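Please treat every number below as a calculation from the coordinates, not as lab data. The structure displayed is predicted, hence computed values, not measured ones. Positions of Cβ are generated from backbone atoms using ideal geometry, with glycine treated the same way; all protein chains shown enter the neighbour counts.
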Amino acid sequence: MQNLSVISVNIWNVLISLVNLLILTWIVKKFLFKPVMKIINTRREAIDADYAQAKAAREQAEENRLNYEAAMSAARQTSDQIIAEATRTAEYRSNEIVAAARDKATDIRRQAEADAELERKKAEDDMKHEIADVSARLTGKLLEREINEEDHRALIDSFLNDLD
Amino acid sequence: MTEAATPDVKSTRFRAVDGALIAMMILPILALIVLKVLFTPAADGVQIAGAMIYAEFEAPVMPVIITESQINTWAVMISILGLCLYLTHGLTAKAVCRRQLIAEWIVEKCQGLVNSNMGDYFSAWAPFIAAIMALSAFSSLICLFGLFSPTGDVNVTFGWALLVFFLIMYYKFRGGLWNYFIGLFKPIPVFAPMNLIGEFSTPISMAFRHYGNVLSGAVISALIGSALSGLSKSLLGWLPGFLGDIPFLRIGLPAVLSIYFDVFSGVMQAFIFAMLTMLNVSGAVPWEEWAARREKRKKLKEKLSKSAA
């Protein structure tokens with residue numbers, strides 16, 4: 001077996017080594033870089049997807065919170081409204097009741113006054129009657145003659161009426 | 001195939017494939033050792049020579065000589081292919097195997113190195129740089145097995161440097177041939193020959209730097225080895241029988257020196273070669289001229305389409 005001398009240039013060997021490097025580049029690219037890059041990209045996509053999902057979930061939660069708060073404030077408003085309404089109604093009703101009571105009291109008083117008036121009139125009438133009776137009897141006794149009691153009464157009544 | 005199913009790492013099939021891939025890494029190197037042992041002639045004394053010639057074919061211009069460098073390079077390439085396949089065997093998005101971390105580390109480091117040194121425009125060159133580093137480093141490191149380093153052969157490193165030179169020229173011509181030609185006469189026309197030499201010196205210096213470092217390491221190792229055997233023979237030659245023939249002094253010291261000359265120097269040169277490739281290629285692009293040229297071409301195209309319409 002012969003040896004090459006330490007420095008000897010052979011064009012074919014140079015070309016072979018050049019092509020070797022090209023082939024190895026292809027090998028490294030195809031069998032190392034491509035699969036690894038693919039895996040790295042797959043992982044990155046998965047992570048990105050996770051992040052997106054987390055972000056969406058957070059946004060959803062935020063939205064829910066806002067909705068809840070809005071609903072809460074709406075409910076508070078409604079309850080305030082209801083209470084105000086009820087207060088107003090109660091006030092109105094109480095006023096109504098008080099007014100009705102006052103009316104009734106007035107009515108009762110008027111009735112009582114009317115009754116009293118009637119009573120007084122009645123008493124007055126009775127008294128007139130009594131007076132008429134008494135005077136008739138007195139007159140009869142005085143005159144000692146029987147006069148028509150009916151005529152007599154009418155006479156006295158007219159007299160009494162003239163008194164008024 | 002959108003997403004590979006999680007491989008059963010413990011299955012027999014997975015392990016068998018793993019074993020085959022490991023064999024693919026180791027067997028070429030073993031075959032080289034066997035070949036070396038079979039064909040190396042017994043020799044005395046210091047022998048510093050180039051690669052051993054295995055075969056020779058007639059071809060135009062020069063005979064094609066298949067030497068140790070070529071065979072060793074091919075074996076190293078097969079080993080690297082095996083390594084790539086082994087590292088990417090059973091890749092999953094969740095990284096089940098530890099080797100996946102190594103593979104991702106390698107890829108990301110190379111990508112980062114290329115992106116930071118060449119710019120994002122050249123990010124597609126990462127596999128090329130990785131291939132240069134792997135081929136150069138492993139070619140240098142197989143001398144640890146007592147094999148001939150292909151990087152110690154100027155033809156091999158010159159082939160790589162020539163490829164880099166073509167790339168540099170390709171990117172330099174992007175600014176236009178005329179611009180490139182004018183550039184040679186800058187800053188003053190007297191510099192033209194020097195500039196021209198400078199263009200061609202890049203690949204030659206790259207090739208010889210790498211080759212010289214590896215070869216000098218090998219030469220020094222051989223010299224120290226033979227010197228130590230000579231010393232051993234003269235100092236311990238009195239030992240009885242075959243013990244006198246064993247060069248005891250060669251135990252230890254050459255290994256320590258080998259860490260520098262073979263391991264450190266080999267890896268260092270691989271890194272330097274890759275670094276120079278990156279810097280030279282990325283520095284070769286005349287961005288302004290190229291942009292101006294693209295602009296011009298665009299305008300011409302518009303004019304043509306207008307006149308056609």
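Which number do you get for Rg(Cα) / (2.2 N^0.38 Å) in the protein assembly as shown? Walk me through the numbers on the way to the answer.
Working: Rg = 58.8 Å, N = 473, 2.2 N^0.38 = 22.8 Å.
Scaled against compact globular proteins, the figure is 2.57.
Lys/Arg Cβ at +1, Asp/Glu Cβ at -1, dipole of the protein assembly as shown taken about the Cα centre: which of B:ILE246, B:GLN111, B:CYS143 is farthest positive-ward?
It is B:ILE246, whose Cα lies furthest towards the positive end.
Please find the FRET efficiency linking A:GLN53 to B:VAL267, where r is the Cβ-Cβ separation and R0 is fixed at 41 Å, and quote it to the nearest 0.05.
Working: r = 45 Å, r/R0 = 1.10.
Result of the calculation: an efficiency of 0.35.
Can you compute the modelled spin-label distance between B:ILE26 and B:LEU300, with each label point 7 Å from Cα toward Cβ, in nm?
Here the modelled spin labels are 6.0 nm apart.
Can you find, among A:ALA61, B:ALA16, A:ILE47, the residue farthest towards the positive end of the dipole of the protein assembly as shown? Put +1 on the C-beta of Lys and Arg, -1 on that of Asp and Glu.
Of A:ALA61, B:ALA16, A:ILE47, it is B:ALA16.
How large is the dipole of the stretch A:11-163 about the Cα centre if only Lys and Arg carry +1 and Asp and Glu carry -1, each at its Cβ, rounded to the nearest 20 debye? Don't jump to the answer; show the numbers that get you there.
Numbers: 24 positive and 29 negative charges, 676 e Å.
About 3240 debye.
Compute the Cα gyration tensor for the stretch B:180-300, then decide on rounded, prolate or oblate, letting a ≥ b ≥ c be the square roots of its eigenvalues: rounded whenever a/c is under 1.5, prolate when a/b is larger than b/c in the other cases, and oblate in all that remain.
On the way: a/c = 7.24, a/b = 3.54, b/c = 2.04.
Prolate is the answer for the stretch B:180-300, as a/c is 1.5 or above and a/b outweighs b/c.
Label the stretch A:60-164 by shape, choosing from rounded, prolate and oblate, from the square roots a ≥ b ≥ c of the eigenvalues of the Cα gyration tensor; if a/c is under 1.5 it is rounded, and otherwise prolate applies when a/b is larger than b/c, oblate when it is not. Walk me through the numbers before you get to the answer.
Numbers: a/c = 11.33, a/b = 10.89, b/c = 1.04.
Prolate shape, in that a/c is at least 1.5 and a/b is the bigger ratio.
With just the Cα atoms defining each centre, how far is the stretch B:88-141 from the stretch B:285-307? Give it in Å.
36 Å
If you place +1 on the Cβ of every Lys and Arg and -1 on the Cβ of every Asp and Glu, how big does the dipole about the Cα centre of the protein assembly as shown come out, in debye to the nearest 20? Intermediate results must be reported in sequence, preceding the final value.
Working: 47 positive and 48 negative charges, 1073 e Å.
In total the dipole reaches around 5160 debye.
Select from chain B the helices, each a whole stretch of DSSP H, whose alpha-carbon atoms run 27 Å or more along the helix axis and whose Kyte-Doolittle mean is at least 0.0; answer none if there are none. List each step's numbers first, then the result.
On the way: long enough: B:12-39 (39 Å, 1.82); B:68-87 (28 Å, 1.19); B:98-118 (30 Å, -0.23); B:192-236 (62 Å, 0.79); B:287-308 (31 Å, -1.88).
Span-like helices here: B:12-39, B:68-87, B:192-236.
Project the alpha carbons of the stretch A:9-80 onto their principal axes and report the range along each, largest first, in whole Å.
Dimensions of the stretch A:9-80 along the principal axes of its Cα atoms: 101, 15, 8 Å.
In nm, to one decimal, how far is the B:TYR121 label point from the A:ALA116 one, both placed 7 Å along Cα→Cβ?
12.1 nm
What percent do you get for the relative contact order of the stretch B:185-280 when only Cα pairs under 8 Å and 6+ apart count?
Numbers: 49 pairs, mean separation 29.4, N = 96.
Relative contact order here is 31 percent.
B:TYR180 label point, 7 Å along Cα→Cβ, cut-off 12 Å on backbone N: hits in the stretch B:270-309?
B:284-286
Order of B:201-211, B:55-65, B:284-294 by packing, highest average Cβ count within 10 Å first?
On the way: B:201-211: 19.1, B:55-65: 11.7, B:284-294: 14.9.
Ranked by mean Cβ neighbours within 10 Å, highest first: B:201-211, B:284-294, B:55-65.
Where the centre of each part is set by its Cα atoms, how far does the stretch A:64-91 sit from the stretch A:113-154, in angstrom?
Here the answer is 77 Å between Cα centres.
Defining a contact as two alpha carbons under 8 Å apart and six or more residues distant in sequence, what relative contact order in percent does chain B show?
Numbers: 303 pairs, mean separation 63.2, N = 309.
RCO, chain B: 20 percent.
Can you list residues from other chains, or at least 5 along the same chain, whose modelled amide H is less than 5 Å from the amide H of B:TYR54?
Answer set, sorted by chain and number: B:ILE66, B:THR67, B:GLU68.
Using a Förster radius of 45 Å, what is the FRET efficiency between B:LYS10 and B:LEU243 based on their Cβ-Cβ separation? Nearest 0.05, please. Walk me through the numbers on the way to the answer.
Values: r = 51 Å, r/R0 = 1.13.
E between B:LYS10 and B:LEU243, to the nearest 0.05, is 0.30.
If you average 1/r over all unlike Cα pairs in the stretch B:236-309 and invert the result, what Kirkwood radius do you get in angstrom? Present the calculation step by step, with values, prior to reporting the outcome.
Working: mean 1/r = 0.0535 Å⁻¹.
About 18.7 Å for the stretch B:236-309.
Measure of size requested: the Rg and Dmax of the stretch B:48-98, with Cα atoms as the atom set and Å as the unit; please supply both.
Just the Cα atoms of the stretch B:48-98 yield Rg and Dmax of 18.5, 55 Å.
So, counting K/R as plus one and D/E as minus one, what does the shell of residues with Cβ under 15 Å around A:ARG58 add up to? Could the numbers behind the result be given before it?
Details: positive: A:LYS55, A:ARG65; negative: A:ASP50, A:GLU59, A:GLU62, A:GLU63.
Net charge around A:ARG58: -2.
Summarise the partner chain shielding of B:154-166 as one whole number: the mean count of Cβ atoms from other chains within 10 Å of each residue's Cβ.
Working: counts 9, 13, 7, 2, 7, 12, 6, 3, 5, 8, 2, 0, 1.
Per residue, the number of nearby Cβ atoms from other chains is 6 on average.
Only Cα pairs under 8 Å and at least 6 apart count here; give the relative contact order of the stretch B:1-149 as a rounded whole percent. The partial results should precede the final answer.
On the way: 116 pairs, mean separation 39.6, N = 149.
Computed over the stretch B:1-149, the figure is 27 percent.
With helices defined as uninterrupted DSSP H runs, which ones in chain A have an alpha carbon span along their own long axis of at least 24 Å and mean Kyte-Doolittle hydropathy of at least -1.0?
Working: long enough: A:11-28 (25 Å, 2.18); A:34-143 (158 Å, -0.85).
Helices meeting the span and hydropathy rule in chain A are A:11-28, A:34-143.
Within the set of other residues whose C-beta is less than 12 Å from the C-beta of A:GLU96, count the net charge using Lys and Arg as +1 and Asp and Glu as -1.
0
Among residues other than A:SER17 whose Cβ falls under 14 Å from its Cβ, what is the net charge (Lys/Arg +1, Asp/Glu -1)? Working shown, then result.
On the way: positive: none; negative: B:GLU68, B:ASP153.
Residues close to A:SER17 contribute a combined charge of -2.
Other chains near B:211-220: what is the mean number of their Cβ atoms within 10 Å of each residue's Cβ? Don't skip to the end; give the middle numbers.
Details: counts 2, 1, 0, 0, 2, 0, 0, 1, 1, 0.
Whole-number average of other-chain Cβ neighbours for B:211-220 is 1.
Given bins 20 angstrom wide, list per bin the percent of all Cα-Cα distances in chain B, short to long.
Going out from 0 Å in 20 Å bins, chain B shows 23, 46, 26, 4, 1, 0 percent.
Rounded if a/c is under 1.5, else prolate if a/b beats b/c, else oblate: with a ≥ b ≥ c from the C-alpha gyration tensor eigenvalues square-rooted, which is the stretch B:12-120?
On the way: a/c = 2.62, a/b = 1.71, b/c = 1.54.
Since a/c reaches 1.5 and a/b is larger than b/c, the shape of the stretch B:12-120 is classed as prolate.
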